[in-house]
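The values are calculated or read from the model by the stated rules, or taken from the named source; none is laboratory data. Here the structure is a predicted model, which is why all the values come from computation and not from measurement. FYI the Cβ positions are ideal-geometry reconstructions off the backbone, even for glycines, and counts take in every protein chain you see. Please note that ligands, DNA and RNA were not included when accessible areas were found on the heavy atoms of the full protein model with its side chains. Shrake-Rupley method; radii C 1.70, N 1.55, O 1.52, S 1.80 Å.
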Amino acid sequence: MASILPSRRAFGNLIQACRHHPKLYDQTPKLLLSCMAGAQQAVEVTHTNNDTDAGKQISRLESLRSQLKQEESSLHEFTSLEPIVKRRKAPPRAAHILPKPKWLKAAPATSAKYHELRNTVRKHGLATVCEEAKCPNIGDCWGGGHSKNNPNSADEAEHFGTATATIMIMGDTCTRGCSFCAVKTSRKPPPLDLEEPRKVAEAVSEWGLDYVVLTSVDRDDLDDQGSDHFRKVVESLKQLHNAEGKNIIVEALTPDFCGELDLVTNVALSGLDVYAHNIETVERLTPRVRDRRAGYKQSLSVLAHVKTANPNILTKTSIMLGLGETDEEIRTTMKDLRNNDVDVVTFGQYLQPSRRHLPVKEYVTPEKFEEWRVVAEEEMGFKYCASGPLVRSSYKAGEFFLKNMVREKERERMEAEAV
């Protein structure tokens, strides 16, 4: 009879294992046969020992009862119907996002001039970096100046100045994927719109702007990376406005054209007034912030070559703050820019477009931005520096540029009077 016990244990272990591991049900028939065989053997042994004395039988029964008593707890464990608790994977932790400070508040886009520019963009099927990159200043930049439909409206008095729009040419899809940028990306964007130079010129003429910024996505998929298309848009703008007897200042915020300087020359000689190319951040952070095909030294070479190709053109770049750069790195970057004869620099706060993009390391105060403006203009020798939390490369570019030119003329007049 004692040989029944191993079979009972095996049967109990089988039940316990099947409850936790359903795949073991396939092995159930084999184990049941093993248990039954053990039980049969026990019966046969009992029958062969029927002639044993009564004292020994009583002793065996007592021994069996004692063993069963000791196994009561284990039998209860595998016969209980308590639910099995399944472990679940812990949800991913949300990325730590710094709360935005009070000074990072942009004016809402409500002016008539803003709606006028937006409607023209829709009509001509154009893209603007203001919308694609989710710029917080769209209402402020597009709201400058007066509306054609209501040129003397009182609600626009505070916006009186130069309206600036940044048109993004060559499509709305970039071939690069920088960690800070919200513009969508693809290895094979749609083909170029051959009518875009005409559309851009007509749209800007309708807006009545006197300063326009052109920028573009990177088009590494094209043989000339879009350089010739960029040149055609600038030439079309200048030709149409000259024919209408209007003056317009054109700023081109270009890609790096993979450092191919002949493509840079092609755009620099297109008739534009300001050649901008953004270095974006300090050298140490460049590999993390920008696409692998971009480079700190490559951007410096582009800016330096512009002056070689066209000495009369202004060069401009922009730096984002709040990515983890140090003050010494910012100073070194400014020195590198001045050593390559860059005229204008802008500083702005990096803002994380989504959780997929680089997090903000620091919100730089307006006072610190003002310190960098002073360093840039008075210590480093830049002709002009726009610096503030909401400043972007083309933020109110026309207004800033024109104000700077007025200051230059006033300085020249005062120097002439002193002589």
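Considering 381, 348, which residue is modelled with pLDDT of 85 or more and either assigned to a helix (DSSP H, G or I) or out of contact with any Leu (no Cβ under 8 Å at 6 or more places or on another chain) (or both)? Quick ask: steps written out before the conclusion?
On the way: 348 fails: either assigned to a helix (DSSP H, G or I) or out of contact with any Leu (no Cβ under 8 Å at 6 or more places or on another chain) (or both).
381 is the lone residue from the list that is modelled with pLDDT of 85 or more and either assigned to a helix (DSSP H, G or I) or out of contact with any Leu (no Cβ under 8 Å at 6 or more places or on another chain) (or both).
Condition (residue is modelled with pLDDT under 90 and within 21 Å of residue 344 (Cβ to Cβ)) applied to the range 228-242: is it met by at least one residue? No.
So which of 220, 210 is in contact (Cβ under 8 Å) with a residue 24 or more places away in the chain, under 25 Å from residue 285 (Cβ atoms) and open to solvent by 20 Å² or more (accessible area, probe 1.4 Å)? Step through it out loud before you land on a result.
On the way: 210 fails: under 25 Å from residue 285 (Cβ atoms).
Among 220, 210, only 220 is in contact (Cβ under 8 Å) with a residue 24 or more places away in the chain, under 25 Å from residue 285 (Cβ atoms) and open to solvent by 20 Å² or more (accessible area, probe 1.4 Å).
Restrict the check to the range 232-254 and report whether at least one residue is open to solvent by 40 Å² or more (accessible area, probe 1.4 Å) and under 21 Å from the mean Cα position of the chain (by Cα). Within the range 232-254 (the criterion being open to solvent by 40 Å² or more (accessible area, probe 1.4 Å) and under 21 Å from the mean Cα position of the chain (by Cα)), the answer is no, since none of the residues qualifies. Looking at the structure I just gave you, is residue 376 of a type in the set (Gly, Ala, Ser) and modelled with pLDDT of 95 or more? Criteria met by residue 376. For beta carbons closer than 7 Å, sequence separation of 6+ or different chains, a first residue in the range 365-380 that is under 18 Å from residue 325 (Cβ atoms) and a second that is open to solvent by 50 Å² or more (accessible area, probe 1.4 Å) and modelled with pLDDT under 95, the qualifying pairs are 366/103. Of the residues in the range 284-331, how many are touching a strand residue (DSSP E or B) at 6+ places or on another chain (Cβ under 8 Å) and in a helix (DSSP H, G or I)? The qualifying residues number 7. Please name all residue pairs, on different chains or six or more residues apart, with Cβ atoms under 6 Å, provided the first residue is in the range 281-293 and is free of Cβ contacts under 8 Å to residues at least 12 places away in the same chain and the second residue is open to solvent by less than 20 Å² (accessible area, probe 1.4 Å) and not in a loop (DSSP other than H, G, I, E, B). If the second residue must be open to solvent by less than 20 Å² (accessible area, probe 1.4 Å) and not in a loop (DSSP other than H, G, I, E, B), the pairs left are 286/296.
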